[in-house]
Structure formats: structure tokens, C-alpha cells
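Data first, discussion second: the structure below is written as C-alpha cells.
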């Protein structure tokens with residue numbers, strides 16, 4: 001008669017302990033323009049050379065940049081290890097010209113948050129700094145065809161915290177409709193302009209049909225409609241990126257207990 005192997009209680013205990021330990025949170029990087037940062041009072045530009053170095057930093061550590069939709073999809077399936085969310089606010093034209101080729105070089109993707117009420121326009125909401133051209137309709141479609149997730153940044157780049165019901169409906173619902181018309185696909189994601197978010201803005205984004213919302217530092221708010229992100233700028237060298245990633249893990253929660261969208265709803 002063969003001996004029955006007793007269960008390895010040490011391994012069982014280790015697995016139980018790991019479930020009790022805090023897990024690393026999702027790390028979502030926030031970019032804006034990939035352009036000359038010389039005249040950059042708002043610190044929204046990263047030079048193509050610096051951006052390339054930052055992507056190398058990710059690759060060298062076995063990390064892969066993806067859009068937020070793909071990141072949430074992988075998280076819901078327990079397969080997010082090694083993935084980092086990459087986002088680009090405002091939908092600048094240089095995303096297509098400068099960022100996408102570098103992303104492709106590493107096999108990365110990203111989410112670009114577009115202002116559907118300013119398509120083909122410029123960053124007129126910035127009082128200082130240079131005028132930067134925004135993606136036009138053809139550029140938005142080309143970004144989607146390049147494998148990038150196209151999501152909404154609202155219509156006009158206005159703060160939604162404290163906004164009235166009409167503004168909330170237009171900035172969330174109407175912007176989603178316009179992007180659907182341009183790309184043929186209703187976007188899953190929304191990014192709050194200026195990172196400003198409150199409970200009413202979160203509810204408006206959810207009610208408009210989005211599956212997630214990106215903020216910057218949502219403070220007391222949490223959940224899939226208030227995802228925090230880390231600003232990445234021209235000064236972020238390898239050691240600064242390492243520090244930011246470590247500090248983010250200390251301050252943020254893993255989304256395992258948050259109401260994540262079903263994988264099939266965020267898949268491209």
C-alpha cells in the first residue's frame with residue numbers, strides 16, 4: 001500500500017499569510033505631451049529622449065506598459081503582475097507622432113484621453129506656456145488603429161468637481177457619444193480634467209456608461225471610478241521613478257477589494 005503524503009502545512013500557512021499581506025496597488029503613470037520641455041510652466045512635457053529612457057527603465061525591470069482598460073481587464077483575471085498603466089492626458093498630436101512609435105518599439109500600449117469638444121484644436125485652457133496642437137479626427141482614428149485605447153477627457157477641459165448637472169451630463173455623456181462617432185466604439189474610460197473629482201462627478205461618469213475613471217490624487221474617494229495616478233515628468237530619472245513606484249505602493253490600496261468592471265466590458 002502506498003503511503004499517503006501529508007499536506008505540507010508550511011506551504012499552506014505561507015499561502016494564507018500572503019493573502020493577509022497588503023498587495024501592491026495598480027501603478028498608473030500620467031503623461032501629457034511628448035515634446036520639447038524648455039518652455040513648460042505646467043510641467044506637462046517630457047522630451048522624446050527622456051520618454052525613451054523611461055520606457056527602457058520599465059522594460060529593464062520586466063514591466064510592460066498597457067492601457068488602463070487592459071490593466072483592469074488583467075486585474076479582474078488575476079493576471080496584472082508586471083503590467084503598468086500608461087496614460088496621456090489631453091490628446092496632444094505629439095502622442096501619435098512621438099509617443100506611439102516609442103511605445104511600439106517596446107511592445108507597449110497606452111490610453112490617450114481625448115477632449116472631444118476640442119478635436120483638432122489647441123490647449124487654449126492653459127493661460128501660460130506654448131500652444132500645443134491636439135489630435136484631429138484622423139489622428140484619433142490612427143491612434144486607435146495603432147492599438148492604443150482612446151478614452152474621454154471630457155469636452156472642453158473644465159473641472160467637474162462642483163459642476164452642475166448639465167455640465168456633468170455634457171462633459172461625460174456627450175463626450176462619449178462624440179468619440180463613439182469618431183472611432184466607431186464607445187470609450188470605456190474617462191479622465192477628470194485637472195484631476196478634480198467628487199462623488200457627483202464619479203456618479204456622472206458611471207451613469208454615462210464608462211467602466212472606469214482616472215483621477216490624480218482622489219484623497220478619500222476610491223474605487224474603479226477614482227483611480228489614482230502618478231505624474232511622470234522630464235525630471236523623472238531612473239532613481240526618481242524607483243522612488244515614486246515604491247512610495248505609491250505605500251500610499252495606495254490594491255484594487256482586489258474594489259468593484260472592478262467585468263473583463264469582457266473593458267477588453268478592446
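Nothing in this text is a laboratory measurement; each read-out follows from the coordinates by a stated rule. Not measured: the values here are computed from a predicted model. Ideal geometry is used to build each Cβ from the backbone, glycine not excepted, and the neighbour counts take in all protein chains shown.
Using the Cβ-Cβ distance between residue 217 and residue 177 with R0 = 30 Å, the FRET efficiency computed as 1/(1 + (r/R0)^6) comes to roughly 0.55.
Per-residue Cβ neighbour counts within 10 Å put 98, 191 in the sequence 98, 191, beginning with the fewest.
Ordering 137, 234, 171, 70 from the fewest to the most neighbouring beta carbons within 10 Å gives 137, 234, 70, 171. With contacts taken as Cα pairs under 8 Å and at least 6 residues apart, region 24-261 reaches a relative contact order of 21 percent. Would you mind classifying region 31-82 by shape? Square roots of the alpha carbon gyration tensor eigenvalues, ordered a ≥ b ≥ c; an a/c under 1.5 is rounded, otherwise it is prolate if a/b is larger than b/c and oblate if not. Note, shape of region 31-82 comes out oblate.
Distance between the modelled labels on residue 196 and residue 142, one decimal in nanometres: 3.3 nm (7 Å Cα→Cβ projection).
Our summary gives region 77-139 a relative contact order of 36 percent, counting only alpha carbon pairs under 8 angstrom and 6 or more residues apart. Consider a paramagnetic label point 7 Å from the Cα of residue 207 along Cα→Cβ; state which residues of region 169-190 have an amide N under 11 Å from it. Only 169-170, 173 pass the distance filter. Taking every C-alpha pair closer than 8 Å and separated by at least 6 residues, the mean separation divided by the residue count of region 25-147 gives a relative contact order of 27 percent.
Three principal axis extents of region 79-202 based on alpha-carbon atoms, in descending order, are 43, 38, 29 Å. Cβ-to-Cβ counts within 10 Å put 239, 57, 125, 27 in ascending order as 239, 125, 57, 27, the fewest first. Beta bridges from DSSP with both residues in region 24-261: antiparallel share about 10 percent, rounded to the nearest 5. In terms of its C-alpha gyration tensor, region 24-261 has a rounded overall shape, because the principal axis ratio a/c (a ≥ b ≥ c, square roots of the eigenvalues) stays below 1.5.
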